[in-house]
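Written below as structure tokens is the structure these notes are about.
The values are calculated or read from the model by the stated rules, or taken from the named source; none is laboratory data. Keep in mind that what you see is a predicted model, and the values were worked out from it rather than measured. No Cβ is skipped: glycine too gets one built from the backbone with ideal geometry, and neighbour counts run over all protein chains shown. These accessible areas exclude ligands, DNA and RNA; they are computed on the full protein's heavy atoms, side chains included. Shrake-Rupley method; radii C 1.70, N 1.55, O 1.52, S 1.80 Å.
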Amino acid sequence: MTIASLIASPSELTDAASNKTAIVLMTRIRLARNLAAQPFPGWAKPAQRTRIAEICTAAVAAATPLKRSLNVAVDQLGELEKQILVERHLISRELSGSKQGSSVIISKDQTVSVMVNEEDHLRIQVLRAGFQLKKTWNVINELDTALEASLDYAFSPTLGYLTACPTNLGTGMRASAMMHLPALVISSQMEKVVRAVNQLGMVVRGLFGEGSDASGSIFQISNQTTLGESEEEILKRLTSVLQSIIEHELNAREKLLEADSGKLFDKIGRAYGIMQNSHLLNSSEAMNLLSLIRLGIDLGVFPDANRSTIDRLFIEAQPGHLQHAQKGEFDPAQRDLLRAAHLRSEFANFVRPDFTLINSNGKN
Amino acid sequence: MANPLKCDLCDKPATVHLTQIVSNKVHKVDLCEACAQAKGVTDPSGFSLSDLLLKASLNPESGPGAMRCESCGFTQADFKKHGRFGCPACYDAFKGMLEPMLDGMHKGTKHTGKIPQAALARQTLHERLSKLELDLSDAIKSERYEDAARTRDEISQFKQAPDQSPPR
């Protein structure tokens with residue numbers, strides 16, 4: 001498979017949208033693994049990095065879920081291609097900036113990706129649309145076991161899987177959910193939620209991980225610690241935290257509708273109007289407007305069939321995807337024009353909001 | 001202020017004092033304005049306290065002398081600089097400074113999760129085989145030919161078992 005055909009195919013993120021993905025858009029688990037008796041990527045010399053990459057990519061490409069996958073060295077990818085993979089959550093920003101000897105293997109359906117020589121020798125990732133921690137764990141656990149049959153992992157009976165950074169020791173697992181929480185943002189409760197979630201040993205980040213902003217009211221919630229608990233215990237704890245966040249978001253939606261439905265309808269209606277008529281949209285504004293339309297779908301104001309369009313546009317509004325679609329590189333001001341034009345055309349025939357269809361709790 | 005607190009990341013006076021309770025453990029970090037900004041502490045959408053604690057706990061002056069990993073040459077100063085280790089063996093070399101750090105960073109200090117059964121079994125086997133080979137050459141050197149013959153048979157038995165080949 002080539003990078004061009006991968007970019008042209010729809011990704012799990014946009015293709016599997018349904019009302020089951022209303023609040024949790026995506027579940028993702030990654031495992032950090034390293035080869036025994038080899039220096040970690042950040043400390044390895046170029047020749048060692050190359051050797052490590054050879055061993056790892058051979059083993060990974062032979063694993064069943066990664067047959068007929070894209071297998072490419074990072075230095076073979078163009079800037080725009082890397083940006084697109086970052087926007088699809090298939091590679092990290094760190095990998096996209098890494099030196100020679102790093103590569104990535106991505107399954108055809110874009111649910112499995114393995115980064116080689118990122119911070120660790122192997123960063124195995126599986127993602128699934130919706131709230132599917134168990135299923136995602138089963139898939140990644142099986143892949144990890146398959147890789148272990150041919151790779152000697154660095155492992156200590158007391159410290160678990162040995163990783164370059166001690167914050168990933170033990171299970172080496174980070175499980176996360178990408179959540180759309182517009183009502184908590186609108187009612188200014190997000191800060192409170194972040195604090196509570198932190199106290200439970202979980203971390204809240206923006207859409208693109210550490211340091212990114214939370215435009216579009218999309219957050220990633222993941223486990224903070226990796227040592228001292230089994231994978232199952234971590235997933236169980238994360239699941240209950242996520243369930244309670246979902247509960248809070250649904251309550252916040254109900255409160256917004258009860259207290260001041262006019263204000264909420266106005267936001268959604270205006271978002272629709274701007275989508276149809278604006279000529280300049282930066283990506284943050286576009287994300288926030290799409291978020292309101294998506295909330296409208298959850299509430300029944302727009303038909304559920306339009307959800308996948310919105311989830312696709314969340315990705316297509318990103319700078320990398322936008323420039324790739326327009327076949328060129330553009331400065332931010334030109335991008336804002338192009339983005340608005342793209343959204344205008346998508347919304348030209350988008351069904352009008354019908355506020356009489358509101359379902360009071362948004363729990364459709 | 002007679003003795004102002006210093007920033008945990010640089011040496012400027014600290015103006016941001018942060019206390020966070022994670023899983024019933026209290027973590028405190030003191031930062032200067034610039035580091036607080038840079039680390040996104042002021043950003044309500046979240047930041048990683050554990051990363052901060054990691055860097056803050058790595059004072060090269062503290063701890064017994066300058067530790068160094070024999071296997072990859074990594075030093076404590078390297079760790080302070082990168083916040084990452086050099087190789088898996090570093091975890092043994094820096095054991096002393098690691099333990100208190102892990103206690104603050106994780107839920108526990110002992111792994112209770114998945115174990116790479118296949119890889120470990122292969123490793124144990126590989127170790128046994130190398131030991132047998134060592135025994136063999138010892139036996140030959142000291143002219144204990146009966147021992148040598150027995151060890152040689154054991155080795156060939158090991159090598160014949162199809163799924164018991166040593167790793168590459």
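Go through the stretch A:258-340 and name the GluC sites (Glu not before Pro) that are in a DSSP coil and have 15 or fewer other Cβ atoms within 10 Å of their Cβ.
Answer by residue number: A:Glu329.
What percent do you get for the relative contact order of the stretch A:280-362 when only Cα pairs under 8 Å and 6+ apart count?
For the stretch A:280-362, the relative contact order is 46 percent.
Sorted by accessible area with a 1.4 angstrom probe, largest first, how do B:His82, A:His279 fall?
A:His279, B:His82
Calculate, axis by axis, the spread of Cα positions in the stretch A:168-235 along the three principal axes, and write the results as whole Å, longest axis first.
Each principal axis gives a Cα extent; for the stretch A:168-235 these are 37, 21, 18 Å.
Per Stokes-Einstein, at 20 °C and 1.002 mPa s, what whole-number D in µm² s⁻¹ belongs to the stretch A:17-92, with the Kirkwood radius over Cα pairs as the hydrodynamic radius?
For these conditions, the coefficient is 140 µm²/s.
Using a 1.4 angstrom probe with every protein chain in place, what is the largest-first accessible-area order of A:Arg237, B:Arg152?
B:Arg152, A:Arg237
Where nothing but the Cβ of Lys and Arg (+1) and of Asp and Glu (-1) is charged, how large is the charge dipole of the stretch A:111-209 around its Cα centre, in debye to the nearest 20?
Taking the Cα centre of the stretch A:111-209 as origin, the dipole is about 560 debye.
Taking the square root of 5 times each eigenvalue of the Cα gyration tensor, what semi-axes in Å does the equivalent ellipsoid of the stretch A:273-364 have, largest first?
27, 12, 10
Rounded to the nearest 0.05, what FRET efficiency do A:Glu247 and A:Glu94 give with R0 = 35 Å and r taken as the Cβ-Cβ distance? Could you check?
0.55
What is the magnitude of the charge dipole of the protein assembly as shown about its Cα centre, with +1 placed on the Cβ of each Lys and Arg, -1 on the Cβ of each Asp and Glu, and no other charges, expressed in debye to the nearest 20?
Dipole about the Cα centre, nearest 20: 360 debye.
Can you pull the accessible area of B:Leu120 for me, 1.4 Å probe, Å² to the nearest 10?
Its heavy atoms expose roughly 50 Å² to the probe.
Enter the accessible area of A:Ile358 (Å², nearest 10), with the probe set to 1.4 Å and all protein chains included.
50
Can you give me the long-range amide H partners of A:Thr226? Hydrogens built in the peptide plane at 1.01 Å from N, cutoff under 5 Å, separation of 5 or more residues or another chain.
The list, which skips near neighbours in sequence, is B:Lys107.
Based on the alpha-carbon gyration tensor of the stretch A:235-291 and its eigenvalue square roots a ≥ b ≥ c, which shape applies: rounded if a/c is under 1.5, prolate if not and a/b is larger than b/c, or oblate?
oblate
Cα axis of helix A:190-199 to longest principal axis of chain A: angle in degrees, 0 to 90, nearest 10?
Approximately 30 degrees, to the nearest 10.
At a threshold of 8 angstrom on Cα-Cα distance, excluding pairs fewer than six apart, so keeping six or more, what relative contact order does chain A reach in percent?
19
How much of the pair distance distribution for chain A lies past 40 Å, counting alpha-carbon pairs only, in percent?
Percent of Cα pairs beyond 40 Å in chain A: 16.
Pop the C-beta distance of B:Ser71 and A:Ser230 into the FRET formula with R0 = 22 Å and round what comes out to the nearest 0.05.
For R0 = 22 Å, the calculated efficiency reads 0.15.
Accessible surface of B:Thr15 in the full protein assembly, 1.4 angstrom probe, to the nearest 10 Å²?
Accessible surface of B:Thr15 is approximately 90 Å².
What fraction, in whole percent, of alpha-carbon pairs in the stretch A:72-186 exceed 16 Å separation?
66
Are there trypsin sites (Lys or Arg not before Pro) in the stretch A:254-338 that DSSP puts in a loop and that have at most 15 other Cβ atoms within 10 Å, and which ones?
Those satisfying the criteria are A:Lys327.
Take the Cα atoms of the stretch B:58-159, find their three principal axes, and give me the spread along each one in whole Å, biggest first.
Largest to smallest, the principal-axis extents are 57, 32, 18 Å.
Suppose every Lys and Arg Cβ carries +1 and every Asp and Glu Cβ carries -1, with no other charges. What dipole size does the stretch A:33-141 come out with about its Cα centre, to the nearest 20 debye?
360
Full extension from A:Gln334 to A:Ser284: what is 0.36 nm times the residue separation minus their Cα-Cα distance, to one decimal in nm?
16.5 nm
In terms of the ratio Rg/(2.2 N^0.38 Å) built on C-alpha atoms, what value belongs to the stretch A:135-197?
1.66
Report, in listed order, any pair from A:Lys192/A:Lys236; A:Lys82/A:Lys267; A:Lys236/A:Lys263; B:Lys12/B:Lys110; A:Lys99/B:Lys107; A:Lys108/B:Lys114 with a Cα-Cα distance greater than 30 Å.
Beyond 30 Å between Cα atoms: A:Lys82/A:Lys267; A:Lys236/A:Lys263; B:Lys12/B:Lys110; A:Lys99/B:Lys107.
Compute the projected area of the convex hull of the Cα atoms of the stretch A:64-115, averaged over all viewing directions, and report it in nm² to one decimal place.
3.3
Under a plain spin-label model, where a point goes 7 Å from the Cα along Cα-to-Cβ, how far apart in nm are A:Lys45 and A:Asn141?
So the two model labels end up 4.2 nm from each other.
One quarter of the convex hull surface, Cα atoms only: what value does that give for the stretch A:274-325 in nm²?
3.7
P(r) of the stretch A:3-150 in 5 Å steps, Cα pairs, percent per bin?
It works out to 2, 10, 20, 22, 20, 15, 7, 3, 1, 0, in whole percents.
How do A:Glu119, B:Glu143, B:Glu70, A:Glu81 rank by accessible surface area computed with a 1.4 Å probe, from largest to smallest?
Ranking A:Glu119, B:Glu143, B:Glu70, A:Glu81 by accessible area, largest first, yields B:Glu70, B:Glu143, A:Glu81, A:Glu119.
Using only the alpha carbons, work out the radius of gyration and Dmax of the stretch A:177-304 in angstrom.
Looking at the stretch A:177-304, its Cα Rg and Dmax stand at 16.2, 54 Å.
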